[in-house]
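Report on the structure given below.
What follows is calculated from the coordinates using simple rules that are stated; it is not laboratory data. These numbers come from a predicted model, not from an experiment. Every residue, glycine as well, gets a Cβ built from its backbone with ideal geometry; the counts of neighbours run over all protein chains shown.
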Amino acid sequence: MKSIRFRLLVAALAVMLGSTIAKSQTADAPPPMHGHAFGMEGHMMGFWAKALNLTDDQKAQMKAVMQKERPTVKPLMTQLHQMDQQLKPYEEGTYDEAKVQSLVSQQAQTLVQLRVQETRIHNELFQLLTPDQQSKMKELEANREERMQQHMQNAPAAPQE
């Protein structure tokens, strides 16, 4: 069960970060921020900016942070993508458990590096918020976590084999 949850987490993070980086490549795009609270691209930036009442200066500072951090995060995302591509033949062809284990171990190490960077960036962005905005962010995150917990409790049980 943990393996499935881990795979789901890895896939969700890869998709989220991939889309964030892809959106950040456009010159006029709002600042893409990632991590749980700043997991936003395009339309989500508008939601968070409105929910937290971000000033234009804060938006500009956040955009600058994201542009500054892009060269650190992008290579990690590229590595994850390449490793996914290397795993594909084992999903659709001859399975080699030792090779898959090796690739997934490398992927896990890259994911750890990426999560460390995400957390650091999230903290840097969080520090740009006023104390009231920080409180509001914590409240929104707590509400989101509560909804996720309810969703997980209401999810149907996995079929027994």
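Note on LYS68 and LEU140: with the Förster distance fixed at 35 Å, the Cβ-Cβ geometry gives a FRET efficiency of about 0.90. Across the range 91-100, computed HN-Hα scalar couplings (Karplus, 6.51 cos²θ - 1.76 cosθ + 1.60, θ = phi - 60°) run 7, 10, x, 6, 8, 10, 4, 5, 5, 4 Hz from first to last residue, x flagging Gly and Pro.
Neighbours of LEU129 by Cβ distance under 13 Å: Lys/Arg scored +1, Asp/Glu scored -1, total -2. With θ taken as phi - 60° and the Karplus curve 6.51 cos²θ - 1.76 cosθ + 1.60 applied, the whole-hertz 3J(HN,Hα) list for the range 70-85 is 3, x, 7, 7, 4, x, 5, 5, 5, 4, 4, 5, 4, 5, 4, 5 Hz, x standing for glycine and proline.
Counting every other Cβ atom within 10 Å of each residue's Cβ, PHE126, PHE47 order from fewest to most as PHE47, PHE126.
Step through the table entries LYS74/LYS136; LYS59/LYS136; LYS59/LYS138, compare each Cα-Cα distance with 22 Å, and write down the pairs that go over it.
Details: LYS74/LYS136 30 Å; LYS59/LYS136 17 Å; LYS59/LYS138 19 Å.
Violating the 22 Å limit, Cα to Cα: LYS74/LYS136.
Ranking HIS151, HIS122, HIS81 by Cβ neighbours within 10 Å, fewest first, what do you get? Write out the running numbers ahead of the final one.
Values: HIS151 9, HIS122 17, HIS81 13.
Fewest-to-most Cβ neighbours within 10 Å comes out as HIS151, HIS81, HIS122.
Sequentially through the range 135-150, phi angles give Karplus couplings (6.51, -1.76, 1.60; θ = phi - 60°) of 4, 4, 4, 4, 5, 4, 5, 5, 5, 5, 4, 4, 5, 5, 5, 4 Hz, Gly and Pro residues having no value and appearing as x.
Once divided by 2.2 N^0.38 Å, the Cα radius of gyration of the range 39-158 becomes 1.39.
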